[in-house]
Amino acid sequence: MTSPQAVGVRAAPALAVRGLRKSFAGRTVLDGLDLSLAPGEFVALLGANGSGKSTALRCVVGLERPDGGEILVHGRPADTASLRRRMAMIFQQIHLVHRRSALDNVCAGALGRLPLRRSLTPILFPRELREEAMVCLDRVGMADRAAEPAGRLSGGQRQRVAIARALCQRAEIILADEPVSALDPAAAEQVVALLADLAHDQGLAVAAVLHQPDLARRHADRVAGLLHGRATLDAPAATLTATDLATLYAPDHRRPDPTTPGPTAPDRAAPHLAAPHPTTPHPTTPDCAAPHLVAPERAPAHHHADQEPR
């Protein structure tokens with residue numbers, strides 16, 4: 001399937017985020033984020049740590065409750081379980097059950113549509129579901145490892161099983177939060193290429209948080225760059241420039257932490273930094289001035305008999 005950008009046409013969005021806002025303990029993470037994702041499109045989310053990329057995805061799938069804004073799935077508010085089931089999340093930590101086989105883990109993607117009695121244990125998974133899960137494993141190149149426990153697979157293989165689980169969920173929108181940050185370069189290339197293929201070949205809407213701009217250039221259709229909780233860059237991935245990246249990742253563009261105290265104003269200097277008034281101190285307390293300040297000249301004081309001069 002040819003991506004919408006290849007023919008210069010933007011399809012109606014499968015996912016639309018408008019004015020999304022989210023704060024944690026007084027710190028603004030999302031500040032009116034706007035984002036869209038079309039069927040058949042692979043969008044890479046770029047930006048420095050703390051720019052709001054992961055928080056945005058978590059708000060979209062319901063793992064975080066946004067403070068404001070609108071999330072639409074195919075034009076409808078994503079406030080029901082039936083609509084949220086049309087979205088699947090892929091995590092950096094992968095979240096497979098290591099002692100279960102790859103096939104059982106993929107079948108778990110269908111739990112949202114199974115009757116309760118069928119979801120209590122993998123033994124009760126219906127045959128039709130296992131056949132569908134095998135098709136999903138084959139799609140990601142892992143059919144030959146279906147019976148192997150997930151804990152024995154490599155990181156790249158486990159991530160492909162997680163993608164197969166999203167396919168078994170029958171999701172129309174796949175959101176991946178740093179899916180390759182823990183993988184070696186070769187495995188990362190394979191996983192990102194797989195996500196792009198799923199978008200272009202199966203018409204899925206795919207967005208992935210990446211910290212590898214080169215991977216975004218090679219595989220993504222579009223790049224959305226986040227800065228201070230807003231999308232400040234939205235452009236075809238092939239047009240991404242070094243200047244764009246410098247703007248997104250420059251340290252001086254990071255949002256300051258509001259809990260960090262700023263410099264003290266000159267008119268609010270601490271009292272012990274002010275110069276002392278040149279008055280003669282009490283004769284019994286010749287050392288009352290701060291040690292780092294120069295005491296003013298004064299007449300010698302008479303000391304009590306039981307008090308040694310200091």
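Against the list (1) basic (Lys, Arg); (2) crowded, with 22+ Cβ neighbours inside 10 Å; (3) out of contact with any helix residue (DSSP H, G or I) (no Cβ under 7 Å at 6 or more places or on another chain), the condition Arg222 fails is (3).
Within the stretch 220-236, is even one residue modelled with pLDDT of 90 or more and in a helix (DSSP H, G or I)? So far as the stretch 220-236 goes, no, none of its residues is modelled with pLDDT of 90 or more and in a helix (DSSP H, G or I). Remark: pairs (first residue in the stretch 21-37, at positive phi; second residue buried (at least 22 other Cβ atoms within 10 Å of the Cβ) and at pLDDT 95 or above; Cβ separation under 9 Å; 6+ apart in sequence or on different chains) = Gly32/Leu20.
Those helices (runs of 4 or more DSSP H) of the stretch 24-118 in which 3 or more residues are more than 30 Å from Pro213 (Cα to Cα) and in contact with a Pro (Cβ under 9 Å, 6 or more places away or on another chain) occupy 102-107.
Checking Arg10 against (1) charged (D, E, K, R); (2) out of contact with any Gly (no Cβ under 8 Å at 6 or more places or on another chain); (3) within 20 Å of Ile71 (Cβ to Cβ); (4) modelled with pLDDT of 90 or more, only one condition comes out false. Which one? Condition (4) is where Arg10 drops out. Residue-level analysis places Thr241 outside the set of residues that are of a type in the set (Ser, Thr, Tyr), modelled with pLDDT of 90 or more and within 20 Å of the chain's Cα centre (by Cα). Among residues of the stretch 86-112 that are free of Cβ contacts under 8 Å to residues at least 40 places away in the same chain, those with a Cβ under 6 angstrom from a residue that is among the small types (Gly, Ala, Ser) and surrounded by fewer than 18 Cβ atoms within 10 Å (Cβ to Cβ), sequence gap 6+ or separate chain, pair up as Leu111/Ser119. Among the residues of the stretch 212-241, those identified as free of Cβ contacts under 8 Å to residues at least 60 places away in the same chain and closer than 28 Å to Cys136 by Cβ are Gln212, Arg218. Residue count for the stretch 153-185 under the criterion of being in a helix (DSSP H, G or I) and touching a residue at least 12 places away in the same chain (Cβ under 8 Å): the result is 14.
Exactly one residue out of Leu45, Leu20, Leu83, Leu63 is hydrophobic (A, V, I, L, M, F, W, C), out of contact with any Leu (no Cβ under 7 Å at 6 or more places or on another chain) and either under 16 Å from Leu204 (Cα atoms) or buried (at least 17 other Cβ atoms within 10 Å of the Cβ) (or both): that is Leu83. Of all residues in the stretch 168-213, those satisfying the criterion of being touching a Gly at 6+ places or on another chain (Cβ under 7 Å), among the hydrophobic types (A, V, I, L, M, F, W, C) and under 21 Å from Val73 (Cβ atoms) are Cys168, Ala199.
The values are calculated or read from the model by the stated rules, or taken from the named source; none is laboratory data. In this text, all values refer to a predicted model and were calculated from it rather than measured experimentally. As a convention, Cβ positions derive from the backbone with ideal geometry for all residues, glycine included, and neighbour counts pool all protein chains shown.
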